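Accompanying notes for the structure given below.
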Amino acid sequence: MGVLDEFLAGLEGFEWDAGNSDKNWRNHQVRQAEAEQVLLNRPVVFAPDAKHSRAEARFFTLGRTDGGRYLAIVFTTRGTRVRVISARPMSRAERRAYGQVEAKSQADS
């Protein structure tokens, strides 16, 4: 079990703010289901987002959707729910970093 799996173990689902959901679609054409898939699919890159964790702890994740889109997700937790703050396509640098993790995961399988 990986760090993200352990982190998500006590969480029961997703909570969406209509403004964030609309913004993610309008600016990046990312649907709620795609953002959720990134957190549920493996492999995934997961790290605390200390730079943006002023009022609450935020986390940064790189991963793939069921349809193969490479997305970057920023989220927080509220009680037993994951609240997605931002969802967008990965940058080139993020895709390179994720590609290394993906290659290692395939080699380990």
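Taken over segment 26-39, the criterion of being part of a helix (DSSP H, G or I) and of a type in the set (A, V, I, L, M, F, W, C) is satisfied by Ala33, Ala35, Val38, Leu39. Against the test of being assigned to a loop (DSSP other than H, G, I, E, B) and either over 23 Å from Ser109 (Cα atoms) or touching a strand residue (DSSP E or B) at 6+ places or on another chain (Cβ under 6 Å) (or both), the options Arg54, Arg42 yield a single qualifying residue, Arg54.
The number of residues in segment 58-87 that are surrounded by fewer than 18 Cβ atoms within 10 Å (Cβ to Cβ), touching a helix residue (DSSP H, G or I) at 6+ places or on another chain (Cβ under 9 Å) and not in a strand (DSSP E or B) comes to 3. Just one residue in the set Thr61, Thr76, Thr65, Thr80 is free of Cβ contacts under 8 Å to residues at least 24 places away in the same chain and β-branched (Val, Ile, Thr); that residue is Thr76.
Computed from the coordinates by the stated procedures, all read-outs in this text should not be read as laboratory data. Being a predicted model, the structure only gives us computed values, none of them experimental. Glycine gets a Cβ as well: all are built from the backbone with ideal geometry, and neighbour counts include every protein chain shown.
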